[in-house]
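Structure first, then comments.
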Amino acid sequence: MTATARAIEMTRIAATGALGKVAENLVALDVSIPFVLADTFLIVSGRNERQVSAIADGIEEVMLLEGHKLLRREGKTTGRWILLDFGDIICHVMHEEDRIFYDIERLWKDCPTISLEGIQAPVEA
């Protein structure tokens, strides 16, 4: 893997935020070699537009708490495919139907996966 340790840690933090909003089918990819704009992609699914939006909010919230600033957000109004750009990582929060249709994992199939083993949703206080 060539993604930086910082990018991998950011990806794991974002995954906790996604899981806090009951995201499904989390996949993290090291895209640092073919994609020069970011080191990793985090791809997650939600069952409906409201959940997709909530997952994106959860990721933004946990990343901000950890000191990582959101640089760009796209797709929030439709709630079908929300892209969150944190510089080193890009999070794709997708409605499960759109994820199946676009199958972006297939486009990046040559990229190594990043283990998300042990990631858990944050505990509510």
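No lab work stands behind these numbers, since they all come straight from the coordinates. These numbers come from a predicted model, not from an experiment. Virtual Cβ from ideal backbone geometry, glycine too; neighbours counted across all protein chains shown.
Brief remarks on what is shown
- Scanning segment 56-85 for residues that are surrounded by 15 or more Cβ atoms within 10 Å (Cβ to Cβ), in contact with an Asp or Glu (Cβ under 9 Å, 6 or more places away or on another chain) and either of a type in the set (A, V, I, L, M) or touching a residue at least 40 places away in the same chain (Cβ under 8 Å) (or both) yields H68, L70, I82, L83, L84, D85.
- Residues in segment 84-125 that are over 15 Å from A28 (Cβ atoms) and part of a strand (DSSP E or B): D85, H95.
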